[in-house]
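Quick notes on the structure that follows.
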Amino acid sequence: MSAVSTGELLMKLWRGDASGGDFVEYRLPAQEGEVVLDVVHRIQATEAPDLAVRWNCKAGKCGSCSAEINGQPRLMCMTRMSTLPIDEPITISPMRTFPVIRDLVTDVSYNYEVAKLIPSFTPGPRPAEGYRMFQVDVERGQEFRKCIECFLCQNVCHVIRDHEENKAHYAGPRFLARLAELEMHPLDTLDRRAYIAERMGLGYCNITKCCTEVCPEGIHITDNAIIPLKERVVDQRYDPVAWLGRKIRGRPRPMTPADVEPYTGAAAKAARAGQAEAS
Amino acid sequence: MASVDYERHDYDVLVIGAGGAGMRAAIESLEQGCRTALVCKSLFGKAHTVMAEGGMAAALGNVWPEDNWQVHFRDTMRGGKMLNNWRMAQLHAQEAPDRVLELEAWGALFDRTPDGRILQRDFGGHRYARLAHVGDRTGLELIRTTQQRAVGLGIDVYMELKIVRLLKNDSGEVIGAVGFYRDKGNFVVFSAKSIVLATGGVGKSWKFTSNSWESTGDGHALALWAGADAIEMECVQFHPTGMIWPTSARGLLVTEGVRGDGGVLKNSEGERFMFNYISPYFKDETAETIEEGDKWYEDKVNYRRPPELLPRDEVARAINSEVKAGRGSPHGGVFLDIASRRSPEYIKRRLPSMYHQFKQLADVDITAVPMEIGPTCHYIMGGIRVDADTEETAVAGLFAAGEVAGGMHGANRLGGNSLSDLLVFGRRAGLAAAERAKASSVETTLSEAQIKEVIDHATSFFANEGGENPYDLHHELQETMQNLVGIIRTESELIEAKEKLAELGERAKKVTATGGREFNPGWHLALDLESMLAVANCTTLSAIERKESRGGHTRDDYPKADPELEKVNMVSRYREGNYSVTPEPKPEMPPELMALIELSEGEGKSAPAKEESK
Ligand SMILES: Cc1cc2nc3c(=O)[nH]c(=O)nc-3n(C[C@H](O)[C@H](O)[C@H](O)COP(=O)(O)OP(=O)(O)OC[C@H]3O[C@@H](n4cnc5c(N)ncnc54)[C@H](O)[C@@H]3O)c2cc1C
Ligand code: SF4
Ligand code: SF4
Ligand code: FES
């Protein structure tokens, strides 16, 4: 069992903001059965009430508590202290790919901007007796829908980790998986291939698989999402299972600018601009 | 103070909360053509709803063709010990199937039946397998589907923004709200013709809870402070199966799906003790022997369900009694055993996130050994009183849907009835809010003085020099509620809690926030404490007032249900700085619906005879 030796913990937490910061040391007694987030919370409740950290579920379900623990991208709530070498100092720093807001909290808005650019699910008309889909057909999509949007895969992907400039034209593994999910959805009718290649930057991924390695949900981002997408987009080859639904329902509809209208359309932009008036 | 500085937005409809209820309300409002804003305390897509596991209840009849809204309605009313708002229970049962199918049309991938329809699973208190689900991550599917839909429609989202007060005009209508961005600490003022509260639950006032930090009862408090009524705040659900070890994971939910899929409860003597706790109310529909209960999993037509699947209040009380009688597990709970009953492959396929949760957090392999579990504070049935059809509160322009609203679940909620509730009433609230916004010529000019007052108050914690640490006060509040207003209650302890809360209320005004306004959890907690105290006060006062045991409210000194109190709502209000509770008559159910309940009760004796078991 996970009995942590009743010693003292030495935690080095990165503290600071956009203007800079450094690791600050905290010493506290070890307690049985704790995860990293518990220790961070104990520090917050005693020594550092203003220590900034995101969390919600404390059960690995919401993807809020991503950080780099001893340099490894992990969920703090799912990392047991007993799995770390606690006779050495333990460092916790914010995800590097995103700008720091404060302490362990980063500005992940890039991801939300990409999400807006994903052309929505577009089903065919609903038959009178309702849609029918079979378990084998939904399972591939279900794998990607396990995603808790922790953005750890985005954090480790070298295309954006070291190249801020690529964020403007690259969706990142999380959203390539989302696009694959849409493309594999048995009821979807939209053909996003050109868009995925041109606007979502699929070609930047060179299949290093770092994203798959860090995914806390164990999603095979590279093998099951990105590679099939590449095959489909580049070679226009058909993967028999994944594109099954498509075949049943006939030819997919090509995408038009209207499919990303809510965010890119002029009317939407004008409406939004009109709403935010400073006072 | 320097002149107040804030960001300003104007909308038709403002939706506060981006869980299932808020998402659905915002989608509806957008589709009605209203300018709509959605705000939430966390990042978008992280709301507490993502944690829901088991499924959403809807009488689709895919697995059991004999299921229909009437049976679902009856199960809901009986589960709620008849304290439900009958009209809400009716609308919910009638509309839930459409809401589930709508999710499918928006891209949700539910688990399927062999003939390609949405699969449904068994849950406590539901007569038929009724819960549409995706493994044990149904809440995530609901959130993602509605999130992606809302984004596709072009919703304006303001995330990591906490609303601290609602604003009203001179005619008493709600016309705006003041909040601040949690990351930067700057203030924001919204004006809107309608506001929908969808802020979720209240679990953070208790020590052991399955709820996330967001569940501080903000919406309950905002509505009460604005003059709305809350009902049945004493009816808090303690889910029977929360993790109890390791200590840090204490309270985390173990889905009821474990029992639906064959898991059983045992005490330290290895006895399936639930057979000793079948109340007369459920005797007719519950198996009497282990043999009969076990056969039900295979043949649901000819056998009755095992008592492990009784409604949650019954199971939680039984566990409590076993532990008190000294037959508990090493860490003070009981055992939930699926390992000895199902194959490891089956368990991993049906309950993947439970498998991982135990493996990762407790180093326990649930396919090999039993889990240790005990009750955890999970859900509040009580909430803001609303009109059943429109979800409008007593305050004009203010709507409430989801866990923050009261009435739908009566004294006890059935598993799976919350996710469907979010969609049914989220949609209705969004629709009514949009209609009001379109029809209304309401004057939404906000008073600068009011705004300044709210902002001055919110920032006052930085000026409280040498005050207490908000974390310490929160801890004391949780201890108080856990120990004195927990699963089993009694007059003297409730009075003690009431006095303690008065003291905590005074101290909470003087807590100190250290540091700056940028992402400062200590400051956020100081503000959250105000809401938690509002909830704690109403729950305690209503618990004193309801002198009976019913559903989630159990009084040691009044162990029986009082038929007179079935006809009564306990109404909480906030007036001139004080919380008060008054019993008021509850809407009466029309005879034709009453007949549904009585009729099917008799029917329950003989299980439906047609259809092979599925
Ligand atoms: C572990 C667990 C498992 C569950 N499983 C099931 C299940 O299987 N089936 C079922 O039917 N039910 C289940 N439930 C219950 C159900 O999940 C909840 O009741 C439901 O999700 C509540 O949804 P909601 O939309 O009302 O609020 P929430 O999802 O709690 O969302 C509240 C929203 O309001 C926002 N908010 C709160 N206060 C403020 C404020 N002051 N300013 C701005 N925003 C604010 C939050 O940020 C959040 O976005 C489960 C609950 C738990 C805890
Ligand atoms: S496999 Fe592709 S998406 Fe994943 S980390 Fe490597 S480059 Fe990035
Ligand atoms: S794909 Fe995996 S790593 Fe990436 S955001 Fe989703 S859960 Fe996180
Ligand atoms: S807190 Fe939700 S994933 Fe860690």
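Whether any residue in the range B:1-8 is in contact (Cβ under 8 Å) with a residue 24 or more places away in the chain, open to solvent by less than 10 Å² (accessible area, probe 1.4 Å) and of a type outside the set (Val, Ile, Thr) is what I want to check.
no
Can you pull out the residues in the range A:182-211 that are assigned to a helix (DSSP H, G or I) and within 14 Å of chain B (Cβ to nearest Cβ)?
A:LEU182, A:GLU183, A:MET184
Spot the failing condition for A:LEU13; the list is (1) open to solvent by less than 50 Å² (accessible area, probe 1.4 Å); (2) out of contact with any Cys (no Cβ under 8 Å at 6 or more places or on another chain); (3) under 25 Å from B:THR49 (Cα atoms); (4) not in a loop (DSSP other than H, G, I, E, B), and only one is missed.
Every condition holds for A:LEU13 apart from (3).
Scan the range A:35-56 for residues that are within 16 Å of ligand 3 (Cβ to nearest atom) and open to solvent by 10 Å² or more (accessible area, probe 1.4 Å) and report the count.
Going through the range A:35-56 one residue at a time, the tally reaches 2.
Here are the criteria: (1) open to solvent by 70 Å² or more (accessible area, probe 1.4 Å); (2) assigned to a loop (DSSP other than H, G, I, E, B). Tell me which single one A:SER120 does not satisfy.
(1)
Tally time: how many residues in the range B:39-90 are under 22 Å from B:ARG350 (Cβ atoms), open to solvent by 20 Å² or more (accessible area, probe 1.4 Å) and assigned to a loop (DSSP other than H, G, I, E, B)?
3
How many residues does the range B:220-233 contain that are open to solvent by 10 Å² or more (accessible area, probe 1.4 Å) and either of a type outside the set (A, V, I, L, M, F, W, C) or within 14 Å of another protein chain (Cβ to nearest Cβ) (or both)?
Counting residues in the range B:220-233 that are open to solvent by 10 Å² or more (accessible area, probe 1.4 Å) and either of a type outside the set (A, V, I, L, M, F, W, C) or within 14 Å of another protein chain (Cβ to nearest Cβ) (or both) gives 2.
If we scan the range A:135-148, do we find a residue that is within 9 Å of chain B (Cβ to nearest Cβ), over 20 Å from B:VAL134 (Cα atoms) and either in contact with a helix residue (DSSP H, G or I) (Cβ under 6 Å, 6 or more places away or on another chain) or not aromatic (Phe, Trp, Tyr) (or both)?
No, the conditions are met nowhere in the range A:135-148.
Quick check on A:VAL100: is it open to solvent by 30 Å² or more (accessible area, probe 1.4 Å) and more than 12 Å from ligand 3 (Cβ to nearest atom)?
When the stated conditions are applied, A:VAL100 passes them.
If you scan the range B:476-499, which residues turn out to be over 23 Å from the mean Cα position of the chain (by Cα) and either touching a residue at least 60 places away in the same chain (Cβ under 8 Å) or not in a helix (DSSP H, G or I) (or both)?
Scanning the range B:476-499 gives B:THR490, B:GLU491.
Search the range B:195-212 for residues that are more than 28 Å from B:GLY397 (Cβ to Cβ) and in a loop (DSSP other than H, G, I, E, B) and pair each with any residue that is basic (Lys, Arg) and open to solvent by 10 Å² or more (accessible area, probe 1.4 Å) when their beta-carbon atoms are under 9 Å apart and the residues are at least 6 apart or on different chains.
These pairs meet every condition: B:LYS207/B:ARG250; B:PHE208/B:ARG250; B:ASN211/B:LYS204; B:SER212/A:LYS58; B:SER212/B:LYS204.
Where the second residue is open to solvent by 30 Å² or more (accessible area, probe 1.4 Å) and within 11 Å of ligand 2 (Cβ to nearest atom) and the first is in the same structural domain as A:ALA171 (by TED's automatic domain parsing) and part of a loop (DSSP other than H, G, I, E, B) and lies in the range A:212-225, which pairs have Cβ atoms under 7 Å and are six or more apart or on separate chains?
Listed pairs, sorted by first residue: A:HIS220/A:THR212.
Checking A:ILE148 against (1) under 15 Å from the mean Cα position of the chain (by Cα); (2) part of a helix (DSSP H, G or I); (3) more than 11 Å from ligand 2 (Cβ to nearest atom); (4) β-branched (Val, Ile, Thr): exactly one of these is not met. Which one?
All conditions are met except number (2).
Please enumerate the residues belonging to the range B:259-273 that are touching a Gly at 6+ places or on another chain (Cβ under 9 Å) and not hydroxyl-bearing (Ser, Thr, Tyr).
Passing the criteria: B:ARG259, B:GLY260, B:GLY263, B:VAL264, B:ASN267, B:ARG272.
Give the residues of the range B:255-297 that are touching a residue at least 24 places away in the same chain (Cβ under 8 Å), touching a Pro at 6+ places or on another chain (Cβ under 9 Å) and aliphatic (A, V, I, L, M), sorted by residue number.
Hits for the range B:255-297 are B:VAL264, B:LEU265, B:MET274, B:ILE278.
Given the residues A:GLU25, A:GLU113, which is the only one that is in contact (Cβ under 8 Å) with a residue 40 or more places away in the chain, more than 13 Å from ligand 4 (Cβ to nearest atom) and open to solvent by 30 Å² or more (accessible area, probe 1.4 Å)?
A:GLU25
Being at pLDDT 55 or above, of a type outside the set (Gly, Ala, Ser), assigned to a helix (DSSP H, G or I) and out of contact with any strand residue (DSSP E or B) (no Cβ under 7 Å at 6 or more places or on another chain): is that true of B:MET589 here?
no
Would you confirm, using the coordinates I've provided, whether B:SER343 is of a type in the set (Gly, Ala, Ser), over 26 Å from B:THR209 (Cα atoms) and within 26 Å of the chain's Cα centre (by Cα)?
Considered against the rule, which asks whether it is of a type in the set (Gly, Ala, Ser), over 26 Å from B:THR209 (Cα atoms) and within 26 Å of the chain's Cα centre (by Cα), B:SER343 comes out as no.
Return a yes/no flag: does the range B:447-464 have any residue that is modelled with pLDDT under 95, open to solvent by less than 10 Å² (accessible area, probe 1.4 Å) and more than 14 Å from every other protein chain (Cβ to nearest Cβ).
Within the range B:447-464, not a single residue is modelled with pLDDT under 95, open to solvent by less than 10 Å² (accessible area, probe 1.4 Å) and more than 14 Å from every other protein chain (Cβ to nearest Cβ).
When the range B:108-127 is examined, which residues are found to be aromatic (Phe, Trp, Tyr) and closer than 13 Å to A:TYR131 by Cα?
Selection gives B:PHE110 alone.
Just to be sure before I move on: is A:CYS77 in a loop (DSSP other than H, G, I, E, B) and open to solvent by less than 10 Å² (accessible area, probe 1.4 Å) in the structure I sent?
It is false that A:CYS77 is in a loop (DSSP other than H, G, I, E, B) and open to solvent by less than 10 Å² (accessible area, probe 1.4 Å).
What residue, among those in the range B:292-332 that are more than 15 Å from B:PHE275 (Cβ to Cβ), assigned to a helix (DSSP H, G or I) and of a type outside the set (Lys, Arg), is nearest to the chain's Cα centre (by Cα)?
Of everything passing the filter in the range B:292-332, B:ASP313 is nearest to the chain's Cα centre (by Cα).
Here is a check on your reading of the model: is B:VAL157 open to solvent by 30 Å² or more (accessible area, probe 1.4 Å) and either outside any loop (DSSP other than H, G, I, E, B) or more than 10 Å from chain A (Cβ to nearest Cβ) (or both)?
Spelling it out, B:VAL157 is indeed open to solvent by 30 Å² or more (accessible area, probe 1.4 Å) and either outside any loop (DSSP other than H, G, I, E, B) or more than 10 Å from chain A (Cβ to nearest Cβ) (or both).
Would you point out the residue of the range A:212-223, among those that are more than 14 Å from every other protein chain (Cβ to nearest Cβ) and open to solvent by 50 Å² or more (accessible area, probe 1.4 Å), that is nearest to ligand 1 (Cβ to nearest atom)?
Filtering first and then ranking leaves A:HIS220.
Does the range A:165-186 contain any residue that is more than 8 Å from ligand 2 (Cβ to nearest atom), more than 29 Å from A:ASP137 (Cβ to Cβ) and among the acidic types (Asp, Glu)?
yes
Here are A:ILE86, A:ILE92, A:ILE43: which of them is in contact with a strand residue (DSSP E or B) (Cβ under 7 Å, 6 or more places away or on another chain), part of a strand (DSSP E or B) and not aromatic (Phe, Trp, Tyr)?
None of the other options fit; the residue is A:ILE92.
Limited to the range B:200-219, what total is found for residues that are within 13 Å of ligand 1 (Cβ to nearest atom) and either within 14 Å of chain A (Cβ to nearest Cβ) or basic (Lys, Arg) (or both)?
Total meeting the criteria: 13.
The values are calculated or read from the model by the stated rules, or taken from the named source; none is laboratory data. Here the structure is a predicted model, which means the values were calculated and not measured. Because the Cβ atoms are built from the backbone with ideal geometry, glycine has one as well, and the counts that use them run over all protein chains shown. What goes into the accessible areas is simple: the full protein's heavy atoms, side chains included, and nothing from ligands, DNA or RNA. Shrake-Rupley method; radii C 1.70, N 1.55, O 1.52, S 1.80 Å.
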